[in-house]
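Down below is the structure, laid out as structure tokens.
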Amino acid sequence: MRIGSCCSIVLCVLVCGFPVAAEPGSKGSSRSSLLPLAFEPEPHQVGGASGFVTRAGEQVIRVSGWELEINSGVKEPVRIQFAGARRTARPEALQPLPGKVNYLLGVDRAKWRTNVPTWQRVRYRDVYPGIDLEYYGNQRNVEYDLVLQPGADPKQLRIRVDGASSTRVSKSGDLLIGTEHGEMVQHRPVVYQEYGGARRPVKAEYRRVANHEYAFAVSDYDARRKLVIDPVVTFTASFGTSGATPVAVGRDAQGNAYLSGNTSSSSFPLTPGAYQTVSGFRLTGFVTKLNPGGDVMLYSTYVSGRIDGMAVDAAGHAYVTGRLQDRSAPGYAGCGPEPNGFVVKLGRRGDSAEYASCLPEMTPTAIALDETGAAYVAGSTTSPRLAVTPGAAQARSGNGATLGSDGFAGKLKADGQQFEYLTYLGGSADDAIQAIAVDKAGQAYVTGWTKSPDFPVAQARQWEPGGGVLMRSEDAAANWRRAESGLPVAPSLLVAHPNAAGVVLAVLQDPGDGIYRLYKTVDGGAAWFPYAPIPVQPAAVLFDTKDDSILYLVAAGTLYRTTNGGANWQPIRLPNSSADVSLTAGRQGSTLYFLALGTLWRSRDAGDTWSALNALGHGVNQVAVDAVNEQGLYVLGGDTLLKSADSGTTWAEVGKDARIAGSKLLVAAGNPSILYASGASTYLSEDGGKNWTLALNAGVSAIDSGDPHTAYQITSQGLYRIRFEGGAATSSLVLSGKIRSLQMDAGTSSRVYVSAPPAWDAFLTKINSDGSAWVYSTYFGGTGFDVGRSLAVDVDGNVTMVGSTNSTNLPTTESGPQRIFGGALSAWSEAGADLGAGAAPDAFVAQFDSSGQTLRFGTYLGGTLQEDGLGVTMDWQGTIYAMGTARSAEFPFSADSAKPRGEPGLAGSIAGTFLARIDGSEPAMDYRGYFENFASALAVDAADQVLLASLTRTFEQGQATSAEDLEFKIIRFGESLVRPQVATGGLVDPFTQRTGRAVPGSVQWLSGSHLASGTAEAAGTPLPLELLGTRVLIDGRPAPLLKVGPERIEFQVPYETPADTVVEIVVRTAEGDSLPAALRILKAAPNVRVDLETARAVATNEDGSVNGPEHPAAAGSVVTVSLTGVGPLENGPVTGEAAAGKARAVLPSSVRIGKKDGAVVYLGAAPGQVGVGQAEIRIPMLVSSEYPMVLTVGGVAGNRCLISVVAQ
């Protein structure tokens, strides 16, 4: 019986806010945002609007009664127009949202837009006779329905695509729309009518009626029943990034979430958005307030200026600080010359600013609140003129009148217009504050970085910088100490006396007058004193080995000499004026060797006269003196090594080796039989140069003075120490950073001197409540670069710092999971190994007690690639949460955590986020997890839920897409630290590893993390719907499970799942639900089981052997293969049951082997198995070879695999 009812045709267009590349017929995975889309009236139509606007990712989408315009920032937007629609249709805004939108752009308050309403749906009635048009949001997507009233004719409907480069209907029935940024796919319409709650399909397709214009061709249907036409639009190429960067997140006492950051995008995705375009050259800040569930936007407000910090009070006021981009920002009076900082306190509804203060000549980077709601700001300044308050802990800039950077910290009065206190914090070099925290007593804690050797310290745990411009080691670079007292800047060159221990010269350019000077130490660097000015910048300086008052220097092909300790210098005539010269001092007094253009010259009178020594006719390119024999001398001429025992008067050939030609010669101190030839590779001789072995595929810079089998190499990462033992070379990074000069102390075993630019140290300073003194202030750093980025303080005054370091000797504790710098993990394990990346920074976490003296907890977090600590927060129980970026597979993650993609040590590995949890009572790190999202802000609420603001990546074939494929969202953790996660691209066919599509009844593999508490398999059939408390839900319905484990689940897609749809997959455990993953369901998708390495079909020949080159199938014989995706079956098993016997596939099938057709003898269920099909294929008459085979089912071609055939 037919029952008359309202009928509707629904054309559902899905606009992805987070597009990903996909196969035709697949759907992008934009199901991640926590916020619904919201529609607001177009600005010029408020009160009588006919058009509305919303945002989906980077797309600005404008809707009206006759078209939908998708603007992705390209020259030509794409418009889906309803040809012939009535343009006078009036809109109905439906389902109002509680959130309001405010635009506080520009200085003119009259032009501000506040309390702009937002809606979930918009309807236009009778756009065609009897047809309504309705727009709504589906998470971050936009859909529209065309609803036909009873008797309305679907033939009226015409879709015209404007702004497309091409349109066509594919073989599968999809409408493909070519655009400037890729291809938009409007899938073949899924048409159905409902009978008693069940859907009955109706055939329909697109029919081209004109260029870029299409109608719907609908087969017979009951016009008195509801009819739904449901095509879905997806994007198969990127339409650009959201352009937003999160800065901070927070919670108020009611549990509402606050999110701040900056955007250069014309359409900020979390704001139902401003219609103005934001310049890409100027960042605009934003603050968004969400309800406790995170699914309703309470307000979203743009704030002019670049936001760098945010804090939220219990009453729901958001405070933001940062740097003004210009002077047109709202409410900022009295700003001076740039730079200017700002502080804004927003009203609880986000529709006003309770104050908006300018901070002249300051660049604030952090803000914190005390229990009274007073705001504390900190950052950096280059101004010597800050209006510091009387009695401030530091009243003057540490840089004086120079343009260097100092830190500043201050407490604002209640009106936000003046400071209760304001103080500098810094020394004579550059300093900057990166983070601030406040305890219950109103005492502020700040951290950041300093280059100053005189940074203010008090009650310090570490009174001096960890690194310096000159470092000395007494134990072959195992430990270092500063040795720079008296040196104004880092030396460019170090020269150690060849005979006298502790005597070293340093060449530097005096920062005061620009003159080059020699500084000298006679006590190994404990103290330096100015020794002598020098006339030019030298390339080399030499001691005379017998007379300390005689010095030599070489510059621009000229030799200079002093005989009175540098009081006077005279140029000495050289026998060759070439600038490419090398000067070596012999171990006999006044003896010099001069090498230029292949000729070696000798002087026995301190350079007054010279004689050529090329008696054997060899062109010399290297010279080295014997460290033991005063008259011993080696030269390298081409590939020939020569030795002289009489200062070059006579020569003997030692040996020849083409591999050492052009190398630098290094002679071990105290053992002239050990020589190194260093060039692109290093070769070692232990018999005085007769025989050479490859020691290292890199050069070395110096040989240790105490151990001839230890060498040093200067790289762009820092200083490596290499030990040669048993024909193998092992290395370790012993000093990070740029090395200017390296010298061994010839008179002291294994003493090493290194000159380097000043490094950065982190610092931790506690300021008393009125800003008048440092409670304590300490350096925290090693020999490399150290930066504090975030702070958290507990009720006992213990303070936790998170930051970045490439120091190899940063203090750590035994309770930390990693005590060794991760960059030092890249080492040689055998001779000839290449240099690894060394000094990419690690993150660090350090907790200090209330005195600042004791390190309660300290650890590196990192591997061979770059890691950075970005954020730290603390819950009410004292549990600490630290967050940052992670790239390295060697990062010390928890055992069950996911890992970064990419190989260990691989440059460009994909950066994700680490989240670490630390028990604050007895500091120990009990969780270290990894997430592919790239987070940059962290907070924790009263329910111990951790909030991360992140940028979400998509992946193609295991690689991250470009920055254009980033979308902004919030991820919430807490008790969900072990919530199941479905990996991106984690839904795959078990036989081929193809992703993103399945067939009703087939088996799928799902990969991720925390998917189950252990491993379990189904004991039999019917398959269970739950194992170890884990379920897989497909659009809310449980799927049968074959096997579960922490990182993979095997499940069956129920036969009842409709084909030609996209379903949501959710994993449910006792810890909660995973975020949904999308899976395309097709009518057929034949995936023949293959060997994944060879792509050969796993096939059984008629004689029972496994098909392959050694066991080919005879032409004309039948092979049997297993596969998934055969489609519907005749009298097949029910969901979760194994096939009792053969059950044939309904859809037609064919097979192609090589260039001939084979025969499908049987295609259907595999007896005794769940979700697996079987195909019996007859091989055509072919010559003996290996052939590609493709099985097609229902018009869908399967994977290409190989089959071996032998001719009859």
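The values are calculated or read from the model by the stated rules, or taken from the named source; none is laboratory data. None of these values were measured; they are calculated from a predicted model. Every residue, glycine among them, receives a Cβ derived from its backbone with ideal geometry; neighbour counts consider all protein chains shown.
Residue 232 meets the conditions (1) within 35 Å of the chain's Cα centre (by Cα); (2) over 30 Å from residue 368 (Cβ atoms); (3) at pLDDT 80 or above; (4) crowded, with 19+ Cβ neighbours inside 10 Å in every case but one. The failed one is (3).
Only one of the numbered conditions (1) of a type in the set (Asp, Glu); (2) modelled with pLDDT under 90; (3) assigned by TED's automatic domain parsing to the domain that holds residue 1016 is not met by residue 1050, and that is (2). Scanning the range 1123-1136 for residues that are surrounded by 15 or more Cβ atoms within 10 Å (Cβ to Cβ) and touching a residue at least 40 places away in the same chain (Cβ under 8 Å) gives 1123, 1124, 1125, 1126, 1127, 1128, 1129, 1132, 1135, 1136. Residues in the range 148-168 that are in contact with an Asp or Glu (Cβ under 9 Å, 6 or more places away or on another chain) and either part of a loop (DSSP other than H, G, I, E, B) or not assigned by TED's automatic domain parsing to the domain that holds residue 221 (or both): 149, 158, 163, 164, 165.
Evaluated against (1) farther than 18 Å from residue 752 by Cβ; (2) surrounded by 21 or more Cβ atoms within 10 Å (Cβ to Cβ), residue 486 falls short on exactly one condition, (2). In the range 282-307, the qualifying residues are those that are under 24 Å from the mean Cα position of the chain (by Cα) and modelled with pLDDT under 75, and the one that is farthest from residue 257 (Cα to Cα) is 282.
For the condition of a type in the set (D, E, K, R), in contact (Cβ under 8 Å) with a residue 12 or more places away in the chain and not in a loop (DSSP other than H, G, I, E, B), residue 440 does not qualify. Considering the range 1138-1188, the qualifying strands (runs of 3 or more DSSP E), each wholly inside and each with 1 or more residues that are surrounded by fewer than 18 Cβ atoms within 10 Å (Cβ to Cβ) and hydrophobic (A, V, I, L, M, F, W, C), run over 1159-1165. All of 1143, 1114, 1139 fail the test of being touching a residue at least 60 places away in the same chain (Cβ under 8 Å) and not assigned by TED's automatic domain parsing to the domain that holds residue 998, apart from 1114.
The residues in the range 180-220 that are on the phi > 0 side of the Ramachandran plot and modelled with pLDDT of 70 or more can be counted, and the count is 1. Filtering 571, 530 for residues that are touching an Asp or Glu at 6+ places or on another chain (Cβ under 9 Å) and over 30 Å from residue 654 (Cα atoms) leaves a single hit, 530. Within the range 693-708, the set of residues being assigned to a loop (DSSP other than H, G, I, E, B), farther than 19 Å from residue 627 by Cβ and of a type in the set (A, V, I, L, M) comprises just one member, 698.
Among residues of the range 364-391 being of a type in the set (Val, Ile, Thr) and under 17 Å from residue 260 (Cβ atoms), the one that is surrounded by the most Cβ atoms within 10 Å (Cβ to Cβ) is 377. Selection within the range 642-674: residues that are polar (S, T, N, Q) and part of a loop (DSSP other than H, G, I, E, B). The member of this set that is nearest to residue 598 (Cα to Cα) is 663. Looking across the range 715-725, just one residue is buried (at least 20 other Cβ atoms within 10 Å of the Cβ) and among the β-branched types (Val, Ile, Thr), and that is 722. When the range 705-721 is filtered for residues that are within 15 Å of residue 677 (Cα to Cα) and touching a strand residue (DSSP E or B) at 6+ places or on another chain (Cβ under 8 Å), the ones remaining, listed by number, are 709, 710, 711, 712, 713.
Within the set 677, 711, 695, the sole residue that is surrounded by 22 or more Cβ atoms within 10 Å (Cβ to Cβ), over 21 Å from residue 619 (Cβ atoms), modelled with pLDDT of 90 or more and under 42 Å from the mean Cα position of the chain (by Cα) turns out to be 711.
In the range 864-875, the residues that are assigned to a strand (DSSP E or B) reach residues that are among the basic types (Lys, Arg) and crowded, with 24+ Cβ neighbours inside 10 Å with C-beta atoms within less than 9 angstrom, at least six apart or across chains, in these pairs: 868/789; 869/789; 870/789; 871/789; 872/789.
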